[in-house]
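**Q** Have a look at the structure that comes next, please.
The values are calculated or read from the model by the stated rules, or taken from the named source; none is laboratory data. Bear in mind that the values here come from a model prediction, so they are computed numbers and not experimental data. Note: ideal-geometry Cβ built from the backbone for every residue, glycine included; neighbour counts use all protein chains shown.
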Amino acid sequence: MFLTLLLVTLVVATVVSLLVALAFSKPIDSILKRIIADEISVAWLKYLKFAILVVGVSAGVRIYELEKYITPARWDKEARVVSLTTERWVLELYRTVIEALQGIAWLLLVFFIFALIAYVIVRIAEMRQGGAADRAKG
């Protein structure tokens, strides 16, 4: 039963991560093309999609939390292995979705913060180039 739960949480976390990567693909691509303005933005987009997948799966499949279904708590001598009931399955699947989304949200937050900083730098550089071109004409 534990292996089934592990496999199901892996599949759920993977599907959630793929859906988020698909949903954010166009916005991330637009941001990268604006900031980088080179063909390398395609490679960065692929890397970011891969990072979304890895972070989502690693955050969604919580191995140490699932361990309670195969081993009793180490510090409690009277502890027993927690049984996998229907309620536990629903709870674990819900946790998988929420944890995967939370991990991806942190990744995207960090990306968008750095993208915003890079955008401001690009805009300042463009304004300076525009001012230098106007002075050269005048």
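**Q** List the number of the failed condition for residue 131; all other conditions in (1) within 23 Å of residue 22 (Cβ to Cβ); (2) at pLDDT below 85 hold.
**A** Tallying (1) within 23 Å of residue 22 (Cβ to Cβ); (2) at pLDDT below 85, residue 131 fails exactly one: (1).
**Q** Still on this structure, please answer the following. List every residue pair whose Cβ atoms sit under 7 Å apart, with the two residues 6 or more apart in sequence or on different chains, where the first one lies in region 42-53 and is touching a residue at least 60 places away in the same chain (Cβ under 8 Å) and farther than 16 Å from residue 101 by Cβ and the second, anywhere, is among the hydrophobic types (A, V, I, L, M, F, W, C) and buried (at least 16 other Cβ atoms within 10 Å of the Cβ).
**A** Here the result reads 48/28; 48/111, each pair linking region 42-53 to a residue that is among the hydrophobic types (A, V, I, L, M, F, W, C) and buried (at least 16 other Cβ atoms within 10 Å of the Cβ).
**Q** Which of the residues spanning region 89-120 are touching a residue at least 12 places away in the same chain (Cβ under 8 Å), within 15 Å of residue 8 (Cα to Cα) and of a type outside the set (Ser, Thr, Tyr)?
**A** Of everything in region 89-120, those that are touching a residue at least 12 places away in the same chain (Cβ under 8 Å), within 15 Å of residue 8 (Cα to Cα) and of a type outside the set (Ser, Thr, Tyr) turn out to be 89, 92, 93, 95, 97, 99, 100.
**Q** Does region 19-44 hold any residues that are farther than 22 Å from residue 120 by Cα, touching a helix residue (DSSP H, G or I) at 6+ places or on another chain (Cβ under 7 Å) and not β-branched (Val, Ile, Thr), and which are they?
**A** Listed by number, the list holds a single entry, 21.
**Q** Continuing with this model, one more query. Scan the helices (runs of 4 or more DSSP H) fully inside region 1-96 and keep the ones with 3 or more residues being farther than 25 Å from residue 107 by Cβ.
**A** In region 1-96, the matching helices (runs of 4 or more DSSP H) lie at 2-36.
**Q** Which count do you get for residues in region 84-112 that are closer than 22 Å to residue 21 by Cα and of a type in the set (Ser, Thr, Tyr)?
**A** Total meeting the criteria: 2.
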